[in-house]
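**Student:** This is the structure, below, for whatever I ask next.
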Amino acid sequence: MILSSLRLRNYPEDKQDSFPWTLPLIKDFEEILFEKSISFFVGENGSGKSTILEGIAAYTGVPLAGSLRLEEDDSLSAANDLANYLSIRYKEKTHHGFFVRAEDFIGFARHIKNEIKALDQEIEEVKESFTGGDIKLTLGAIEGEKNNYIKRYTRDLEAMSHGEGFLKFFTSRITGKGLYLIDEPEAALSPTRQLSLLSFILEKIKTTGSHFVIATHSPIFMSAPDSEVFYFTDGKIAKVDYKETEHYKITRSILDNPDQIMTKL
């Protein structure tokens, strides 16, 4: 585990009319104690789970796995503000890891594609301007960098299906021990791919001791063994069994009685 606890140092009364300070959850924020290596933030849209996850990312300084730095992303300005009022205790402090949202993958894939394209252009320029000596030595470093990109991410992540590319992103980027903050990974993954990613995460926890904090609506992810679920509801955060969440109950009801549920709609 990396994180130990999260609390709000104080509530800025002069900002109470602006987001995220308008969220009831933040007005009456209660300390979160982390006790497992996989911590799920679960709740309805607008409950505040993604906002808190973004605030953790801004506070800890883990990199944004997209094409921008976290502090440069306008969509995360509220998270940067919130981070100024948070207090986090660590079991082990680290800057290794990342924060990612489903939409960040597109920017990341394009960034990798552009990096490979730029290296291809540099190789062609060297070949055209080379006048003597061993060109292999000159091109070695450039080709080595390009081949490392291709080996790690393939030549074009965008050319893969969204789910395949998203899964490839995770298996390539989750490496050593670190803090990995993931917002709604199920948005790009089929149930089978969700199980594949969950299996990969469990293996990384076992081999590296990493800590994953994941905001999700997916009962598949929530079912992970030896995990904890923080349920964001009615402006409060409660630690519950995943079977107590509406996400599980509704999914189970539909699967058990689809005709009955559809008749009620």
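**Student:** So if R0 is 51 Å, what FRET efficiency would SER18 and ASN147 give, r being the distance between their Cβ atoms, rounded to the nearest 0.05?
**Tutor:** Details: r = 48 Å, r/R0 = 0.94.
In this case the efficiency is close to 0.60.
**Student:** Related question: What trypsin sites (Lys or Arg not before Pro) does segment 1-45 have in DSSP loop regions with at most 14 other beta carbons within 10 Å?
**Tutor:** On the way: sites: ARG7, ARG9, LYS15, LYS27, LYS36; in loops: ARG9, LYS36.
Passing both the DSSP loop test and the Cβ count: ARG9.
**Student:** Could you run the Karplus curve 6.51 cos²θ - 1.76 cosθ + 1.60 with θ = phi - 60° over segment 89-94 and give me ³J(HN,Hα) per residue in whole Hz, x for Gly and Pro?
**Tutor:** With the stated coefficients, segment 89-94 comes to 9, 10, 7, 8, 7, 7 Hz.
**Student:** Taking a cut-off of 30 Å between Cα atoms, list the lysines near LYS91, but don't count ones fewer than 8 places away on the same chain.
**Tutor:** Within reach: LYS27, LYS36, LYS49, LYS168, LYS177, LYS204, LYS206, LYS236, LYS239, LYS243.
**Student:** Sticking with this structure for a sec: How much FRET efficiency would the formula 1/(1 + (r/R0)^6) give for ARG252 and GLU44, where r is the Cβ-Cβ distance and R0 is 22 Å, rounded to 0.05? List each step's numbers first, then the result.
**Tutor:** Working: r = 17 Å, r/R0 = 0.79.
Working from the Cβ atoms, E equals 0.80.
**Student:** Same structure again: Counting Lys +1, Arg +1, Asp -1, Glu -1, what net charge surrounds LYS15 among other residues with beta carbon under 12 Å of its beta carbon?
**Tutor:** On the way: positive: LYS27; negative: GLU13, ASP14, ASP17, ASP81.
So the environment of LYS15 carries a net charge of -3.
Coordinate-derived values only; no laboratory data. Remember, it's a predicted structure, so these values are computed and weren't measured experimentally. A quick note on method: Cβ atoms are made from the backbone with ideal geometry, for glycine too, and the neighbour counts reach across all protein chains shown.
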